[in-house]
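One structure below.
Read the figures in this text as sums done on the coordinates, not as results from a lab. From a predicted model like this one, the values you see are computed outputs, not experimental measurements. Using ideal geometry, Cβ is built from the backbone for each residue, glycine included, and neighbour counts are taken over all protein chains shown.
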């Protein structure tokens, strides 16, 4: 009887440990990586060098893609640099 209870306790413990890992696995699936980054050529690469009064420095570089601002971290930068004929436009 005690062996049976021990087997049940071990099984329940393993189950609890495994189900505790599921949210961590899901959050890793949602994290951006090279598989989810865009591999398309943006229209423009903007480097905004205008002075800012903000204490926190805003992101100064971004892409224009299909007429809309898109952040660099949305793209596979290495792929863009290798495959797109794109020069940074510096804005003062």
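Sorted from fewest to most neighbouring beta carbons within 10 Å, what does the list 69, 39 look like?
Sorted ascending by nearby Cβ count, the order is 69, 39.
Sorted from fewest to most neighbouring beta carbons within 10 Å, what does the list 76, 43, 54 look like?
Ranked by crowding around the Cβ, least crowded first: 54, 43, 76.
Can you compute the modelled spin-label distance between residue 60 and residue 36, with each label point 7 Å from Cα toward Cβ, in nm?
For the pair residue 60/residue 36, the computed spacing is 2.9 nm.
In what order do 91, 80 fall by count of nearby beta-carbon atoms within 10 Å, going from fewest to most?
91, 80
Please work out whether the stretch 44-91 counts as rounded, prolate or oblate from its C-alpha gyration tensor, where a ≥ b ≥ c are the square roots of the eigenvalues and a/c under 1.5 means rounded, while otherwise a/b larger than b/c means prolate and anything else oblate?
Verdict is prolate for the stretch 44-91.
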